[in-house]
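The values are calculated or read from the model by the stated rules, or taken from the named source; none is laboratory data. Computed from a predicted model, the values in this text were never measured in an experiment. Virtual Cβ from ideal backbone geometry, glycine too; neighbours counted across all protein chains shown. These area figures cover heavy atoms from the full protein model, side chains too; ligands, DNA and RNA do not enter into them. Shrake-Rupley method; radii C 1.70, N 1.55, O 1.52, S 1.80 Å.
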Amino acid sequence: DGGITQSPKYLFRKEGQNVTLSCEQNLNHDAMYWYRQDPGQGLRLIYYSQIVNDFQKGDIAEGYSVSREKKESFPLTVTSAQKNPTAFYLCASRGRGDYGYTFGSGTRLTVV
Amino acid sequence: AQSVTQLGSHVSVSEGALVLLRCNYSSSVPPYLFWYVQYPNQGLQLLLKYTTGATLVKGINGFEAEFKKSETSFHLTKPSAHMSDAAEYFCAVESGYSTLTFGKGTMLLVSP
C-alpha cells in the first residue's frame with residue numbers, strides 16, 4: 001500500500017545538537033510539506049517542496065533546513081538554532097491535481 | 001492571505017447527541033475547504049473536503065459539512081456522537097493551488 005512513512009516515531013535530542021527527521025513517500029506525489037504542531041496552536045508550515053531540488057520557506061522556517069534530492073524523500077533537519085524544538089512534526093504530500101494532503105503519522109521530538 | 005478560525009478549543013457532547021464543530025475562513029479567492037481528524041500521537045486523516053459543486057459535503061464516519069459562502073463558514077456536523085469520535089478536529093483552507101492553512105483545532109470530548 002502507498003503511503004508516507006515518518007521515522008522515528010519518537011526522538012530525543014540534547015540541546016545544541018542537530019537532528020534529522022525522515023519522511024519518505026511512495027505515492028509518486030510531487031509536493032511535500034513539513035508542519036510543526038504544538039498544543040493549542042494547530043499546524044504551522046515549516047517548509048514545502050513542489051518539485052525535486054526546489055523548496056520554499058513556510059511561516060516558521062527559522063532554525064530548520066530541508067533538502068529534496070529525490071521525489072520520494074523530504075528530510076527535515078532541526079538545527080541548534082531552533083530555540084524551542086520540542087514539538088510534534090508532521091510530513092505531508094500531495095499529488096498533481098489533488099486537493100488536500102496525505103499525512104504521515106508524525107515524529108515527536110523532545111529536547112532533553 | 002487566508003486564515004481559519006475554529007470556535008471553541010474544546011467541545012463536549014454526550015454519546016448520541018448532535019456534534020457541531022464551527023469553522024470560519026477568510027480567503028481572497030474561492031476557497032477549497034477541508035476537515036481533518038487526528039487521534040493522539042497520529043497523523044491527520046481527511047474527513048471531507050469541499051472543492052466545487054454541491055455545498056453539502058458528506059464525509060467518512062457519518063460526518064458532513066456545509067459550505068456557506070455568505071457566512072464564510074464550513075461547520076462540521078454529525079447527528080449522533082459515538083465514543084470513537086473523541087479526537088481533535090482541524091479545519092483547513094486552500095486558496096488556489098497553494099499550501100493549506102489550518103485552524104488551531106477543536107478537541108471533541110464524548111461522554112457516556
Can you tell me which of (1) part of a strand (DSSP E or B); (2) in contact (Cβ under 8 Å) with a residue 24 or more places away in the chain is the one B:GLY16 doesn't meet? (1)
Can you tell me which residue within the range A:38-47, out of those that are under 19 Å from A:ARG94 (Cβ atoms) and modelled with pLDDT under 95, is most open to solvent (accessible area, probe 1.4 Å)? A:ARG44
Just give me the residues in the range B:39-91 being within 14 Å of another protein chain (Cβ to nearest Cβ) and not in a strand (DSSP E or B), in sequence order. B:TYR39, B:PRO40, B:ASN41, B:GLN42, B:GLY43, B:THR51, B:THR52, B:GLY53, B:GLY59, B:ILE60
Restricting to the range A:2-35, give me the number of residues that are touching an Asp or Glu at 6+ places or on another chain (Cβ under 7 Å), within 14 Å of chain B (Cβ to nearest Cβ) and open to solvent by 80 Å² or more (accessible area, probe 1.4 Å). 1
Within 14 Å of another protein chain (Cβ to nearest Cβ), open to solvent by less than 70 Å² (accessible area, probe 1.4 Å) and over 20 Å from B:PHE90 (Cβ atoms): is that true of A:GLN50 in this structure? no
Here is a list: A:LYS83, A:LYS71. Which entry is more than 9 Å from chain B (Cβ to nearest Cβ), loosely packed, with under 15 Cβ neighbours inside 10 Å and of a type outside the set (S, T, N, Q)? A:LYS83
Leading residue by the ranking (farthest from A:ILE46 (Cα to Cα)) among those in the range B:92-112 that are open to solvent by less than 30 Å² (accessible area, probe 1.4 Å) and within 9 Å of chain A (Cβ to nearest Cβ): B:GLY105
